[in-house]
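The structure appears right after this line, and notes come after that.
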Amino acid sequence: MPLTLEAQLGLFLRVLAGAVLCALIGVERERHGHAAGLRTHMLVGLGAALFTALSFYAFPGSDTARVAAQVVSGIGFLGAGAILQRRDRYHMHGLTTAASIWASAAIGMACGAALYVIAALTALLVVVVLAVLAPLGERLRPVPKAETTEGVPYP
């Protein structure tokens, strides 16, 4: 049985919430020049919200957890694409971006399930982790031996 226009607009608000909350994460990634930025995070959030909402309403009597599991699996492919970008063979690159894409999918799924408070607070927490903790992580990271200048003659 098709949903009423009012019900469909309510579902669209869930999708919109997923897009807006994940845009906050995307802006932070965009500011730091990461390939997966604003549009990527928004699309992940709105797609996850739509898949989650569809699992509740488009397939009555079905197991909604199956759709959620597939969303999580599908996001793994995007994350793998982000991680495979390596600057050199000793430096792994893209792990944080992959994790932010993964978190965006979870936020979108929460919006799709109309769990707006936990979605909003989680989006805020992700932005804090990315923006506030990044400088701390840089200070704690040891300098790789290949990048030190000790014992290297001046050219």
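Miscellaneous remarks
- Residues of the range 1-55 classified as over 11 Å from GLY108 (Cβ atoms), hydrophobic (A, V, I, L, M, F, W, C) and in contact with a Ser or Thr (Cβ under 6 Å, 6 or more places away or on another chain), total: 1
- Filter result for ALA98 (under 30 Å from LEU13 (Cβ atoms), modelled with pLDDT under 95, surrounded by 13 or more Cβ atoms within 10 Å (Cβ to Cβ) and out of contact with any Lys or Arg (no Cβ under 9 Å at 6 or more places or on another chain)): yes
The values are calculated or read from the model by the stated rules, or taken from the named source; none is laboratory data. All values derive from a computational prediction rather than experimental measurement. All Cβ positions, even for glycine, are placed from backbone atoms using ideal geometry, and neighbour counts span all protein chains on display.
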